[in-house]
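Here is the structure we will look at.
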Amino acid sequence: MTQIAVLPGDGIGPEVTAAAVRVLDAAHPGLSFVEAPIGANAIATVGEPMPADTVRICSESAAILFGAVGGPGHDHLPPDKRPEAAILGLRKHFNLYANVRPARVFPGMETRSPLRSELVDGMDLVFVRELTGGLYFGEKTLTKEDGHETVRDVLIYRDYEIERVARFAFALARMRSKRLTSVDKNNVLLSSQLWRRIVIEVAKDFPDVKLEHMLVDNAAMQLVRDPRAFDVIVTENMFGDILSDEAAMITGTIGTASSAALNSAPDANGFGLYEPISGTAPDIAGKGLANPIGAILSAAMLARYSLGDEAGATAIERAVSETLAEGPRTRDLDAAGGASTNAVADAIVARISKVAA
Ligand code: NAD
Ligand code: IPM
Ligand code: MN
């Protein structure tokens, strides 16, 4: 029996992950799900954000379905003791360097975008965010120098780290429209100069893919000016973190944004960690208001990338698309109505069962 590690985490994590498990079970019956603590709840119960037992369960599984970690009450902790250290630690432990983050406007959702409908109609882009290097993983120090508190967050990239994520992105672009935008800050950062040089080198192996380079500040601007001008975007860790939240909101809500963290080619079936890109949403946690679709579409990516089940993945995506068009919708998409997390999950499960029957 194929085992999936389920790490619900904190805040809305458990609510949206439960929905995703139900949908995945309907689309791909016969999986065994093993739940384990992670993040703030692991700090509370086990005393650390990423318990060894949780890591062991993950390594015995075909994939990880992850909710979100973090929340109030941990700001006094150093970075490596915070709940967020758990997700960074899992990505690093399993070498999940390629983070696929689609931003797509489903039919009927155009009017939910903060941009004019005609700008986003048919928007369908995907970020490949480098996930195990850069600022989030470098040495961090806070010292007193010449009487002043002095802080350092070290940004390190090694050539092979850039090369492998660039290869992943070119391969993904080849599977889509054969256009790739590499985003950097080449005009200021030495790390971005190496990034651009290596991306240009890798491009020689993908002559059929059209490559363009864009500075990150301009990319943030172009995304709101004309999001449909993009197809695949590859960028380093922090730029990808920020721009993917921006792109998610352009699709109408961060609540439908999904992701896959992988360590093999985009068309290889392998291990991966799947999670919505949003956080624990403390403002709505525990109220049944969270949109479960980001988690559910992450489960679809799990089916595609880790189970090799394209039919299951497509069945989930179709059920989501129909549910977004016809309802019910959660409050982030329908301020006046606003169905519960479970009502949306029920509607999606029902649509999958109808196809399967
Ligand atoms: P957030 O993404 O949790 O919330 C931002 C806003 O989006 C909030 O108004 C929230 O209500 C809304 N939102 C998020 N997900 C939603 C959903 N599924 N449905 C409807 N609305 C949704 O970002 P934040 O408030 O900056 O962070 C809260 C905590 O989450 C922090 O501790 C942060 O570190 C953590 N975080 C964790 C992850 C992760 O585990 N991968 C990702 C991002 C943030
Ligand atoms: C995300 C989150 C994480 C990140 C945090 C919680 C460490 O913002 O998955 O986008 O920065 O990668
Ligand atoms: Mn983020």
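The values are calculated or read from the model by the stated rules, or taken from the named source; none is laboratory data. Fair warning: this is a prediction, and the values are worked out from it, not measured in the lab. In this analysis, Cβ positions are derived from the backbone assuming ideal geometry, glycine residues included, and neighbour counts consider all displayed protein chains. Heads up: the accessible areas ignore ligands, DNA and RNA and are worked out on the full protein's heavy atoms, side chains in. Shrake-Rupley method; radii C 1.70, N 1.55, O 1.52, S 1.80 Å.
Within the stretch 127-183, which trypsin sites (Lys or Arg not before Pro) sit in a loop by DSSP and count at most 12 neighbouring Cβ atoms inside 10 Å?
Arg158
Please give the contour-minus-distance gain from Leu77 to Glu48: 0.36 nm per residue of separation, less the Cα-Cα distance, rounded to one decimal in nm.
So the chain would gain 9.3 nm between Leu77 and Glu48.
Please get the size of the charge dipole for the stretch 201-342, origin at its Cα centre, with Cβ charges of +1 on Lys and Arg and -1 on Asp and Glu, quoted in debye to the nearest 20.
Approximately 400 debye in magnitude.
Could you work out the longest stretch of the chain that avoids the GluC sites (Glu not before Pro) located in DSSP loops with at most 13 other Cβ atoms within 10 Å?
My reading of the result: 140-357 is the longest stretch.
Mean Kyte-Doolittle hydropathy of -0.5 or higher plus an axial Cα length of 30 Å or more: which whole DSSP H helices in the chain meet both?
none
Three principal axis extents, largest first, for the C-alpha atoms of the chain, in Å?
Projected onto the principal axes, the Cα atoms of the chain cover 63, 49, 42 Å.
Could you tell me which of the pairs Lys92/Lys140; Lys81/Lys140; Lys92/Lys178 are separated by over 21 angstrom between their Cα atoms in the structure shown?
Checking Cα-Cα distances, Lys92/Lys178 exceed 21 Å.
Considering amide H positions built from the backbone, and no H for Pro or chain starts, which residues 5 or more places from Arg179, or on another chain, come under 5 Å of its amide H?
Amide H to amide H, under 5 Å and 5 or more residues apart or across chains, Arg179 pairs with Lys210, Val232.
What 222 nm value per residue comes from the helices of the chain, counting each DSSP H run with n ≥ 4 as -39,500 (n - 2.57) and dividing by all residues, nearest 500 deg cm²/dmol?
-12500 deg cm²/dmol
What's the Kirkwood radius of the stretch 124-250 in Å, using all Cα pairs?
15.3 Å
Between the alpha-carbon centers of the stretch 241-298 and the stretch 1-49, tell me the distance in whole angstrom.
Comparing the Cα centres of the stretch 241-298 and the stretch 1-49, I get a distance of 15 Å.
Restricting to the stretch 140-263, compute how many DSSP beta bridges are antiparallel as a %, nearest 5.
If I count the DSSP bridges inside the stretch 140-263, around 40 percent turn out antiparallel.
Hey, with R₀ at 22 Å, roughly what FRET efficiency would Gln222 and Glu201 work out to, going by the Cβ-Cβ distance, to 0.05?
Efficiency computed from Cβ-Cβ geometry: 0.30.
When the accessible area of the chain is computed with all protein chains present and a 1.4 Å probe, what percentage of it is carbon and sulfur?
54 percent
Full extension from Leu215 to Asp334: what is 0.36 nm times the residue separation minus their Cα-Cα distance, to one decimal in nm?
My answer for the length gained is 39.3 nm.
Hey, any idea what the orientation-averaged projected area of the convex hull of the stretch 217-304's Cα atoms comes to, in nm²?
6.9 nm²
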